[in-house]
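Chemist: Structure below; questions to follow.
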Amino acid sequence: MKGEGHKEISHPGEKKALEIIEEALSHGLRNPESIPALENAFRVISNMEVRSEKIDEEFGRILFFLGTCFEDLDSLKSIYYFEKKYEHGIVTNNEDSQSLGLLYQAKIYSSLDDYANLERICDLYDSSGLGSDNDGSKFSLWDGWKAIVASRAAIQDMETDSSSECFIATAAYGTPFDPKIDVLRNWRDNSLRNFSFGRLFIRFYYFTSPPIANVVAKSEVLRWCVRRVISPVIHLLKPRHGITR
């Protein structure tokens, strides 16, 4: 029966659109040379006033191919096509396609250090039920990205709190109120935070130092060694980053 299950062409221009799609997809996945044909197919389908389920399914493949083709060429364009795919709910019934699309997006957002969108994609992955069958005993890529998001949030909290401790120095001196530690805090707040390398160093320090500080705090020998190492540094910094307490 005509129109039933969209097995027959029932919309004007659909036959031509399917031919254009087929030709565009024939170039293969992740082939930069296929981009002009894929983008032409994207324009053709976008301009269609009415689309059948068949066209929508193929449109989802076009967007997925474009997203992967642009991944190493133009991250923003790659994201644009992936976002288009999910903005319109295209191919949401195909879990493999949906999972792969989200995976590529998470990878790109991670490489761009776009943690807000990385968190959004992780949440979308979870809310879509795609991770429900994961083996909890195994560490997946998604576990890694979620850990990055969580650690980034914790680091931001510490960076915005001027009273955040210098963990290792605090462990070495046995108190956060030693005037020598104020010199290090002032150096952090008044100098390091003004430079991209300094901010990177602060993030790295906050991420790695708590477990080290825990070990130092339990050993009188290590506490003495750390004080011997950082005392010259504090002496050099003191004239410019003097004690405020």
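Since every read-out is calculated from the coordinates, none of them should be taken as a lab result. The shown structure was predicted, so the numbers you read here are calculated from the model rather than taken from an experiment. All Cβ positions, even for glycine, are placed from backbone atoms using ideal geometry, and neighbour counts span all protein chains on display.
Chemist: Can you sort GLU58, GLU87 by how many other beta carbons sit within 10 Å, fewest first?
Modeler: GLU87, GLU58
Chemist: When a footprinting reagent is the concern and you count Cβ atoms within 10 Å, what order do TRP224, TRP145 take, fewest first?
Modeler: The most exposed by this proxy come first: TRP224, TRP145.
Chemist: So if we plug the beta-carbon distance of ASP126 and VAL233 into 1/(1 + (r/R0)^6) with R0 = 35 Å, what FRET efficiency do we get, rounded to 0.05?
Modeler: According to the calculation, E is roughly 0.20.
Chemist: Oh, and also: Taking neighbour Cβ counts within 10 Å as the exposure measure, how do HIS235, HIS27 sort from fewest upward?
Modeler: The most exposed by this proxy come first: HIS235, HIS27.
Chemist: Say the cut-off is 30 Å between C-alpha atoms; which of LYS146/LYS238; LYS146/LYS180; LYS218/LYS238; LYS15/LYS107 go over it?
Modeler: LYS146/LYS238; LYS146/LYS180; LYS15/LYS107
Chemist: In nm, to one decimal, how far is the ARG43 label point from the ARG199 one, both placed 7 Å along Cα→Cβ?
Modeler: It is 3.9 nm.
Chemist: What ³J(HN,Hα) values, in whole Hz, does the Karplus curve 6.51 cos²θ - 1.76 cosθ + 1.60 give for the stretch 166-179 when θ = phi - 60°, with x put for Gly and Pro?
Modeler: With the stated coefficients, the stretch 166-179 comes to 8, 3, 5, 5, 4, 5, 5, 8, x, 7, x, 9, 5, x Hz.
Chemist: So for the stretch 161-237, considering every pair of alpha-carbon atoms, how many percent are separated by more than 22 Å?
Modeler: 19
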